[in-house]
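Questions regarding the structure given below will be posed in turn.
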Amino acid sequence: MLLNEFKAFIARGNVMDLAVGVIIGAAFGRIVTALTEDVLMPAIGLVTGGIDFSNRFLILSRVPESYAGSLHDYAALKRAGVTMIGYGSLLTAAVNFLIMAFVVFLLVKFAHRLMPEKKAAPSGPSEVELLAEIRDQLVRANARAEPGAAGRPDGEASKS
């Protein structure tokens, strides 16, 4: 029974659409990462005087005595167990995010242009109109029940 419910859940169109979206999104993320790391960040580095942002960091702990590599090699220092803040990686991730957000914005904008405009459904009566209709029906029902009370707002028959 649980297996049948799971099969029905997986076979639904929404789940399959979501799976396709996740796979395409992951592939697109790799493209954006490559664009950022291999095209944009080197260009930004060139404009800023040759700074390599992937290798920008602050050392927070002592470098081990046994470490013989460069103090400017982020990956080697990380392997050696040095505690660091890799703000270059953060900057690269932020640029990745901005590019991804902008491209998604453009895709959504383009998709909205392709989709036909939805015509607004005709709106029903307003609350005031509904209340007026209920009032009128009550007055008519009251008039049928008591023929002499039809014209009186308080519902009482005239005492003549």
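Scanning the range 28-65 for residues that are at pLDDT below 85 and acidic (Asp, Glu), which turns out surrounded by the most Cβ atoms within 10 Å (Cβ to Cβ)?
Only one residue tops the list, namely Glu37.
Pro122 - would you say it is surrounded by 10 or more Cβ atoms within 10 Å (Cβ to Cβ), more than 22 Å from the chain's Cα centre (by Cα) and of a type outside the set (A, V, I, L, M, F, W, C)?
Taking the combined requirement at face value, the residue does not satisfy it.
Separate question: Condition (residue is part of a loop (DSSP other than H, G, I, E, B) and either of a type in the set (Gly, Ala, Ser) or in contact with a helix residue (DSSP H, G or I) (Cβ under 8 Å, 6 or more places away or on another chain) (or both)) applied to the range 84-92: is it met by at least one residue?
Yes, there is a match, as at least one residue in the range 84-92 is part of a loop (DSSP other than H, G, I, E, B) and either of a type in the set (Gly, Ala, Ser) or in contact with a helix residue (DSSP H, G or I) (Cβ under 8 Å, 6 or more places away or on another chain) (or both).
List the number of the failed condition for Asp73; all other conditions in (1) over 22 Å from Met41 (Cα atoms); (2) surrounded by 10 or more Cβ atoms within 10 Å (Cβ to Cβ) hold.
Going through the list (1) over 22 Å from Met41 (Cα atoms); (2) surrounded by 10 or more Cβ atoms within 10 Å (Cβ to Cβ), Asp73 breaks only (1).
The values are calculated or read from the model by the stated rules, or taken from the named source; none is laboratory data. Note that this is a predicted model, so its numbers are computed, not measured. In this analysis, Cβ positions are derived from the backbone assuming ideal geometry, glycine residues included, and neighbour counts consider all displayed protein chains.
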